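**Student:** This is the structure I want to talk about, given as structure tokens.
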Amino acid sequence: MGETEHTGFILHGGVLYSKSQKELVSLPDAYLVCVDGFSRGVFPQIPSEFEGLPVTDVWDKVIIPGFTDLHVHAPQYQIRGLIGDRGIEEWLSNVVYPEEAKYADPTYAKRAYDIFVEDLYIGATTRAAVWAAMDMESTITLMDFLEDSGIVSCVGKVNMDRRGLMGMQESAESQLTLTRKWLDAVEDRYERTYPVLTPRSIAACSPQLLKGMGDLCREYGLPVQSHISETRKEMEEMHELCPGSSCYADFFRKSGLLGENGAAIMAHAVYSSDEEIRILKETGTLIAHCPGANAALSAGIAPVRKYLDLDMQVGLGSDVAAGASTSIFTAMKDALYTSRLRAYCYGEPSSPLTFEEVFYMATRGGGSFFGDVGTFEPGYEFDAVVIDDSNQDTMLDLGPRERIERLMYCADDRNVVSKYIRGAKIF
Ligand code: FE
């Protein structure tokens, strides 16, 4: 680099990234260039314009774009893996809501959120759409911790005014007042942590609360995250819960919560009707596919093949604690497995997802919520994770694609040895 005002570096090793939904670039020996927080591309040799940049050699490892977790409930992290044989309603009422209510206690919230953020920090996730609890102070604590971790995130204080516990049934008015107070408190407080409006679901929010949140959405110019069409029971209740609407997406849109400020994130979309799919596509809504959670709660298997064929944007969510782990490697594996089951059980022979597609969803698909994120093409924000798979001893000479595909089935935090976010080295 001739000019010294730019800062950059080069990583040298195996590289794997998505070129498109269907195509991966797998290079066993390549140079990945970062300048001023952005990727400048991947090269077989160091181009002359980048000579002089410091090179970090990780030749025996594989560098991949960081993962985006598009749907994760931070205040449920303590109850991960404890669904037992409960159905979703029983689990929400008897396990989830009592746990989330504990976050009104600042001491509990601090300790629990510290454990959650540490887990996210050491894994391969570099971006996340995070749900907090209903409490305002602990939501700010969570945002402070995420900011300090270097992870780029959007975080939502949950809103609900029905079907909760006592104390989680505050009026729409008090919810809206508290949400506004929270938004004002976090304005200009962070560099990489953003608020997102978070109505828990239409079942848990009165029309009045949704409408008030739609007004906040417009006033503050914020994105939205929620759950949509997750279970069969939810579909049976649709007409009662969404008077005058053809589907949940229509009701969200009429409330001012879809298609207002860029992409909204809707988790699940397991049972979306053609009309709902049309609205989700029209409004540029991102679908957070959470296959582990859908399986754990016997909710179903989302028709992701259909969404990809329609060119809709789909990312992956761990959906902790319906999902038991924050690992997006696990979400990729679950997406593959459940899509194969769906194809087998529903007789859709062409529909199983491919490794290329689940890798795309984990990186570029979910990353698109945060802008040009999730690949190493020039101009993308530089989020990279260095993967060491030396604990998977092998006699085979495998390329980056096969090494990461195999690791998808058995990775844990030990395999993540370095992490870069927006060009900054996190560890
Ligand atoms: Fe969820």
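The values are calculated or read from the model by the stated rules, or taken from the named source; none is laboratory data. What you see is a predicted model; the values in this text were computed from it and never measured. Here the Cβ is made from the backbone with ideal geometry for all residues, glycine too, and neighbour counts use every protein chain on show.
**Student:** Looking only at residues in region 248-290 that are hydroxyl-bearing (Ser, Thr, Tyr) and farther than 21 Å from MET361 by Cα, which one is nearest to the chain's Cα centre (by Cα)?
**Tutor:** Applying the filter and picking the extreme gives TYR248.
**Student:** Now a separate question. So, in region 331-354, exactly how many residues are of a type outside the set (A, V, I, L, M) and within 15 Å of HIS289 (Cβ to Cβ)?
**Tutor:** Residues in region 331-354 being of a type outside the set (A, V, I, L, M) and within 15 Å of HIS289 (Cβ to Cβ): 10 in total.
**Student:** Looking only at region 356-398, count how many residues are among the hydroxyl-bearing types (Ser, Thr, Tyr) and touching a Phe, Trp or Tyr at 6+ places or on another chain (Cβ under 6 Å).
**Tutor:** 1
**Student:** In region 72-109, what count of residues is obtained for those that are part of a helix (DSSP H, G or I), of a type in the set (Gly, Ala, Ser) and over 21 Å from the mean Cα position of the chain (by Cα)?
**Tutor:** The total comes to 4.
**Student:** Scan region 299-330 for residues that are acidic (Asp, Glu) and more than 19 Å from PHE370 (Cα to Cα) and jot them down. Before you say what the answer is, go through the steps one by one.
**Tutor:** Taking region 299-330 and keeping what is acidic (Asp, Glu), we get 309, 311, 319.
If the condition is that a residue be acidic (Asp, Glu) and more than 19 Å from PHE370 (Cα to Cα), then ASP309 is the only one that fits.
**Student:** Looking only at residues in region 72-95 that are closer than 16 Å to GLY292 by Cβ and β-branched (Val, Ile, Thr), which one is nearest to the ligand (Cβ to nearest atom)?
**Tutor:** Taking the candidates together, the pick is VAL72.
**Student:** To continue, here is another question. Looking for whichever is within 27 Å of GLU118 (Cβ to Cβ), crowded, with 18+ Cβ neighbours inside 10 Å and charged (D, E, K, R) here; the options are ARG422, ARG401, ARG414. Which one fits?
**Tutor:** When all the criteria are applied, what remains is ARG422.
**Student:** Something else now. Check region 339-357 and report whether any residue there is surrounded by 20 or more Cβ atoms within 10 Å (Cβ to Cβ) and within 16 Å of the ligand (Cβ to nearest atom).
**Tutor:** No: zero hits.
Each row is one residue, and each column tells you yes or no for (1) within 13 Å of GLN313 (Cα to Cα); (2) within 19 Å of the chain's Cα centre (by Cα); (3) outside any helix (DSSP H, G or I).
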| residue | (1), (2), (3) |
| --- | --- |
| ARG342 | no, no, no |
| TYR360 | yes, yes, no |
| GLY366 | yes, yes, no |
| ASP372 | no, yes, yes |
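**Student:** Further question on the same structure: I'd like the full set of residues that are of a type outside the set (D, E, K, R) and surrounded by 13 or more Cβ atoms within 10 Å (Cβ to Cβ), limited to region 83-97. Can you show your working first?
**Tutor:** Looking only at region 83-97, we keep the residues that are of a type outside the set (D, E, K, R), and these are 83-84, 87-88, 91-97.
Those that are of a type outside the set (D, E, K, R) and surrounded by 13 or more Cβ atoms within 10 Å (Cβ to Cβ): ILE83, GLY87, ILE88, TRP91, LEU92, SER93, ASN94, VAL95, VAL96, TYR97.
**Student:** Has region 166-186 got at least one residue that is of a type outside the set (D, E, K, R), part of a loop (DSSP other than H, G, I, E, B), surrounded by 24 or more Cβ atoms within 10 Å (Cβ to Cβ) and touching a residue at least 12 places away in the same chain (Cβ under 8 Å)?
**Tutor:** no
**Student:** Looking at region 60-71, which of the residues that are away from the ligand (no atom under 16 Å from the Cβ) and either farther than 23 Å from TYR380 by Cβ or among the charged types (D, E, K, R) (or both) is farthest from the chain's Cα centre (by Cα)?
**Tutor:** Out of the qualifying residues, it is ASP60.
**Student:** When you look at ASP29, is it at pLDDT 95 or above, acidic (Asp, Glu), surrounded by fewer than 20 Cβ atoms within 10 Å (Cβ to Cβ) and more than 16 Å from the ligand (Cβ to nearest atom), yes or no?
**Tutor:** Criteria met by ASP29.
**Student:** List, please: which pairs have Cβ atoms under 7 Å, are six or more places apart or on different chains, and start with a residue in region 24-50 that is on the phi > 0 side of the Ramachandran plot and end with one that is at pLDDT below 95 and surrounded by fewer than 20 Cβ atoms within 10 Å (Cβ to Cβ)?
**Tutor:** From residues that are on the phi > 0 side of the Ramachandran plot, the pairs are ASP36/HIS6; ASP36/THR7.
**Student:** For region 156-214, which positions are β-branched (Val, Ile, Thr) and farther than 27 Å from ILE88 by Cβ?
**Tutor:** THR177, VAL186, THR193
**Student:** While we're here: Take the residues of region 321-330 that are under 15 Å from ASP413 (Cβ atoms) and among the hydrophobic types (A, V, I, L, M, F, W, C): which is surrounded by the fewest Cβ atoms within 10 Å (Cβ to Cβ)?
**Tutor:** Within region 321-330, the subset under 15 Å from ASP413 (Cβ atoms) is 324-330.
Subsequent filtering for residues that are among the hydrophobic types (A, V, I, L, M, F, W, C) retains 324, 328-329.
Values: ALA324: 18, ILE328: 32, PHE329: 25.
It comes out as ALA324.
**Student:** Can you tell me which residue in region 294-330 is farthest from the ligand (Cβ to nearest atom), limited to those that are touching a strand residue (DSSP E or B) at 6+ places or on another chain (Cβ under 6 Å) and in contact (Cβ under 8 Å) with a residue 60 or more places away in the chain?
**Tutor:** The first filter runs over region 294-330 and keeps only residues touching a strand residue (DSSP E or B) at 6+ places or on another chain (Cβ under 6 Å), leaving 302, 304, 307, 313-320, 326, 328.
The next check asks that each one be in contact (Cβ under 8 Å) with a residue 60 or more places away in the chain; those that pass are 315-320, 326, 328.
Working: GLY315: 14, LEU316: 13, GLY317: 7, SER318: 9, ASP319: 5, VAL320: 8, THR326: 13, ILE328: 15 Å.
Checked region 294-330; the qualifying residue farthest from the ligand (Cβ to nearest atom) is ILE328.
**Student:** Consider region 127-153. How many of its residues are under 21 Å from CYS205 (Cα atoms) and either among the aliphatic types (A, V, I, L, M) or not in a helix (DSSP H, G or I) (or both)?
**Tutor:** Qualifying residue count, region 127-153: 8.
**Student:** Which is surrounded by fewer than 23 Cβ atoms within 10 Å (Cβ to Cβ), charged (D, E, K, R), touching a residue at least 24 places away in the same chain (Cβ under 8 Å) and within 23 Å of GLY317 (Cβ to Cβ), of ARG189, ARG218, ARG232?
**Tutor:** ARG232
**Student:** Can you work out which of the residues in region 200-242 that are assigned to a helix (DSSP H, G or I) and within 16 Å of the ligand (Cβ to nearest atom) is nearest to ALA74 (Cα to Cα)?
**Tutor:** To start, the set of residues in region 200-242 that are assigned to a helix (DSSP H, G or I) comprises 207-220, 232-236, 238-241.
Right, trim to within 16 Å of the ligand (Cβ to nearest atom) and you get 233-234.
Numbers: LYS233: 25, GLU234: 24 Å.
It comes out as GLU234.
**Student:** So which residues in region 260-278 are in contact with a Gly (Cβ under 8 Å, 6 or more places away or on another chain) and more than 16 Å from the ligand (Cβ to nearest atom)?
**Tutor:** Those that are in contact with a Gly (Cβ under 8 Å, 6 or more places away or on another chain) and more than 16 Å from the ligand (Cβ to nearest atom): GLU260, ASN261, GLY262, ALA263.
**Student:** Which members of region 243-257 meet the condition of being closer than 24 Å to ILE301 by Cβ and assigned to a loop (DSSP other than H, G, I, E, B)?
**Tutor:** Scanning region 243-257 gives SER246, CYS247.
**Student:** Given the structure, is ILE115 surrounded by fewer than 17 Cβ atoms within 10 Å (Cβ to Cβ) and outside any loop (DSSP other than H, G, I, E, B)?
**Tutor:** Yes, satisfied.
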